[in-house]
Amino acid sequence: MAYKGEARSRNKPNTNTRLRKKKIVETKAMASTRPYNYLPGLIIYHILQLLPTKIAAQASFVSKQWAEACSSIPVFEFKEGDPYNHDGKFRLRMRYQGDAKVLDAWLRSAVERSVKELDISLRNVPTVKPYCLPRTLFDAKLLTTLSLEDVRIEDNADQPISLPSVKSMSFKMVDFEGMALSNLISGCPWIEHLSLNLCDLGSWTWKLKISSSSLKSFEIFDCYSRHIEVEAKNLESFKFDSDFELLESMALFDCTNLKCINIFSQHLQHLILYALCQNSVEATINTPNLHYFDFSGYLMANVSMAPLKYLSDATLILLDHIRGPTFSLPLNHFSTLRDYLEHFDCSKKLKLYIHDAEGVMFPEDFREAFPSPLPNLKHLNIVMNSAVEGIKSELMESLHWMAPSVENPSIESLSRTNSSSTIT
């Protein structure tokens, strides 16, 4: 026979049971306020990791919650061919929050698998320093294509770079410390294409120097550097577009194979184009605040230049040969020369190097048909290889037509007599 107290305690729910019921009620209340498509973050994260890259990207449009989950997971593809082909591709897209060891391990694995195409794009958290690429990446012998975005490359000259198979490199928002970019190019003996976009090209030195005998295409967009120097004998195309306020000088040396030049800069002060040996080169130069211009090469017939209102000094070394048994005067020489000189009418000084005096002796009928190319020029200096004896009168007539505001043009002859004179 049970006592009344025992029966009463048997019917009374214990404390744990009450808490479980309360939690169930609260959970149901929270669920009723959530949208019908709500899933816990961990489940969404797991689902996205199982999906192919394209489908995972499309899933980001389901809701804001899915979009946030997509941006927080790494998405990478690694495809290998058969063991004898090694046609490997590695693509990495993720938000970087400082977990460098994980990235180092992935890249080390990619190099060990003889990756050929490497594409890395990181979205950095503002409070975290950009990811610094490990040195193991710069010893990938079979790598042919390298594309980097929002990373950092240290300047470490003590550790040589060896990327003997790389032919194309594209960098966006990459911080190159010191001479890191120059050293990188030096370690790529077969590089053909180089693209830089929104990069810091060495804030320690503020000078970019590229030297490559294999580079064919080079483009720079909105990068940070005070001085840019390029030496590439096989370069065919050069494109530059930047409004960086501290840009001072740009020089292209020994680019004897250039066919296309596009330069746009509001703040560039000094432009040097040396050894342009393609007379068919097409050039577009828009540098309204240029102060100094140095050119060495053949006359450029297809050149478009914005007005150079602030030009102080221009030096033109024309490699066109006019006189000699194997050289003849092109039919369009004087029209091309006149059109080219016209771009430098705003310059305060012009120094013109020519091979033969006949190169600037415009025919009388031409002078009657066309206006002067340099009506506002005040100082003109002509330097030539040939002697001026016997042609002074005709040469003077041509120079006075070419630059009528110059009172005393200076003419220097570099012939065997090594004489120089000023003709009035």
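The values are calculated or read from the model by the stated rules, or taken from the named source; none is laboratory data. These numbers come from a predicted model, not from an experiment. Heads up, the Cβs are rebuilt from the backbone with ideal geometry, glycines too, and the neighbour counts pull from every protein chain shown. Ligands, DNA and RNA are stripped out before the accessible areas are found, and what is left, the full protein with its side chains, is counted by its heavy atoms. Shrake-Rupley method; radii C 1.70, N 1.55, O 1.52, S 1.80 Å.
Rolling a 1.4 Å probe over the protein heavy atoms gives the range 230-273 an accessible area of 39 Å² per residue.
Once you sort the root eigenvalues of the Cα gyration tensor of the range 155-223 as a ≥ b ≥ c, which label holds: rounded (a/c under 1.5), prolate (a/b larger than b/c) or oblate (the other case)? Could the numbers behind the result be given before it?
On the way: a/c = 1.86, a/b = 1.13, b/c = 1.64.
Cα axes put the range 155-223 in the oblate bin.
Look at the alpha carbon pairs under 8 Å that are at least 6 residues apart: their mean separation over the length of the range 187-290 gives a relative contact order of 21 percent.
Tell me, what is the percent relative contact order of the range 196-235, built from C-alpha pairs under 8 Å that lie six or more residues apart?
On the way: 70 pairs, mean separation 20.5, N = 40.
This gives 51 percent for the range 196-235.
Near Met300: Cβ cut-off under 10 Å, other residues only, Lys/Arg at +1 and Asp/Glu at -1. The net charge is -2.
Working note: Karplus 6.51/-1.76/1.60 with θ = phi - 60° gives the range 303-310 the couplings 10, 10, 10, 5, x, 9, 5, 10 Hz, where Gly and Pro are set to x. Need one word for the range 181-288: rounded, prolate or oblate. Basis is the Cα gyration tensor (sqrt eigenvalues a ≥ b ≥ c); a/c below 1.5 gives rounded, then a/b vs b/c decides. Oblate shape, in that a/c is at least 1.5 and b/c is the bigger or equal ratio.
Looking at the range 109-245 from every direction and averaging, what is the projected area of its Cα convex hull in nm²?
Details: hull surface 32.6 nm².
Mean orientational projected area (the range 109-245, Cα hull): 8.1 nm².
Put simply, when 242-251, 151-160 are sorted by average Cβ atoms within 10 angstrom per residue, most first, you get 242-251, 151-160.
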